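Novice: Here you go, one structure.
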Amino acid sequence: MNLFETINEEIKKAMLAKDKIRLEALRGIKKEFLEAKVAKGANNELSDEAAVAILQKMAKQRRDSADIYLSQNRSDLAETELAQLNVIQEFLPRQMSPDELEEAVKKIIADVGATSMKDMGKVMGVATKQFAGKAEGRLISETVKKLLG
């Protein structure tokens, strides 16, 4: 069962459970998936890799929104965003821990032969592809800067 079908099944379960926040988050995911399927050049197909990229984007949006709401003392709205974020994260692959990420980036730096910040582009190119879905781009970038700097 692919990710799109899994989301449809989870929507049914949330409807039966009358879980309003979960249902709202799942419907948002399905909407994004459907838009991606009918986008120009998609041929009505959605690979799991594309679905994971969409989920990552949605998770980042929820995280950013929650931060903004918290900075404006709107904890009620932030709670909703964080609850939806938790639902989205259920369908994402397990994220790498900072230690795992650092070890993997060290290996990439050695493989690429990077020695200074001038080589950051080379390292980021490889790391971004290798860690797609497993680590956030911002964390990858921070780790590369720390190790090359």
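Throughout, read-outs are computed from the coordinates displayed, never taken from laboratory work. Please read all numbers here as calculations on a predicted model, not as lab measurements. So basically every Cβ, Gly included, is an ideal-geometry build from the backbone, and we count neighbours across all protein chains shown.
Novice: For the chain, what is the calculated [θ] at 222 nm in deg cm²/dmol (nearest 500), taking -39500 (n - 2.57) for each run of four or more DSSP H residues and dividing by its residue count? Mind dumping the intermediate values first?
Specialist: Numbers: 7 runs with 110 residues, N = 149.
Only helices count here, giving -24500 deg cm²/dmol.
Novice: How high is the relative contact order of the chain, given as a whole-number percent (alpha carbon pairs under 8 Å, six or more residues apart)? Don't jump to the answer; show the numbers that get you there.
Specialist: Numbers: 127 pairs, mean separation 29.3, N = 149.
The value is 20 percent.
Novice: Can you put Ile108, Ile11 in order, fewest other beta carbons within 10 Å first?
Specialist: Numbers: Ile108 20, Ile11 17.
In increasing order of surrounding Cβ atoms, one gets Ile11, Ile108.
Novice: ³J(HN,Hα) across the range 86-100 via Karplus (A = 6.51, B = -1.76, C = 1.60, θ = phi - 60°), whole Hz, x for Gly/Pro?
Specialist: Computed from phi, the couplings for the range 86-100 are 4, 5, 4, 5, 4, 9, 8, x, 4, 7, 6, 6, x, 5, 4 Hz.
Novice: Also: Using a Förster radius of 41 Å, what is the FRET efficiency between Arg138 and Lys37 based on their Cβ-Cβ separation? Nearest 0.05, please.
Specialist: Numbers: r = 28 Å, r/R0 = 0.69.
The formula returns an efficiency of 0.90 here.
Novice: Still on this model: In whole Hz and in residue order, list the ³J(HN,Hα) couplings for the range 118-135 that follow from phi through the Karplus curve 6.51 cos²θ - 1.76 cosθ + 1.60, θ = phi - 60°; x for Gly and Pro.
Specialist: Result, ordered by residue: 5, 8, 4, x, 4, 5, 5, x, 5, 5, 4, 5, 5, 9, 4, x, 9, 8 Hz.
Novice: Continuing with the same structure: Can you pull out the trypsin sites (Lys or Arg not before Pro) in the range 1-102 whose DSSP state is coil and whose Cβ has at most 11 other Cβ atoms within 10 Å? Numbers along the way, then the final one.
Specialist: On the way: sites: Lys12, Lys13, Lys18, Lys20, Arg22, Arg27, Lys30, Lys31, Lys37, Lys40, Lys57, Lys60, Arg62, Arg63, Arg74, Arg94; in loops: Lys18, Lys40, Arg74, Arg94.
Filter output for the range 1-102: Lys18, Lys40, Arg94.
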